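The values are calculated or read from the model by the stated rules, or taken from the named source; none is laboratory data. Just so we're clear, the structure is a prediction, and the values are computed from it rather than from any experiment. Backbone-built Cβ (ideal geometry, glycine too); neighbour counts: all protein chains shown.
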Amino acid sequence: MNSDKKIVVFLAGFILVGVMVTVFFPKEREKNGDAVIRIGAGDDISGVLMNETVDELSGKYTIAETMESSSFKDC
């Protein structure tokens, strides 16, 4: 098989996989504009970066700060 046919087969496969993903993968039935996004960070530098991000986004979005404890594994 020459390289032109390989490229065409690859592109056709790529498009086929993309169509199958959009058709068969689960998706939301309707967009929920009132959905809450929960974010969190640890007590290290990621917490400092998260606070900076929240400060930047607080002008555009309503951000409620609630403290909730949850455990996660850190590598």
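Miscellaneous remarks
- The residues of the stretch 1-50 that are under 30 Å from Glu65 (Cα atoms) and either at pLDDT 90 or above or part of a helix (DSSP H, G or I) (or both), listed by number, are Ile45, Ser46, Gly47, Val48, Leu49, Met50.
- Selected residue [out of contact with any Phe, Trp or Tyr (no Cβ under 7 Å at 6 or more places or on another chain) and modelled with pLDDT under 75] from Thr53, Thr66: Thr66
- Answer from Gly40, Gly13 - the residue that is under 16 Å from the mean Cα position of the chain (by Cα) and surrounded by 10 or more Cβ atoms within 10 Å (Cβ to Cβ): Gly40
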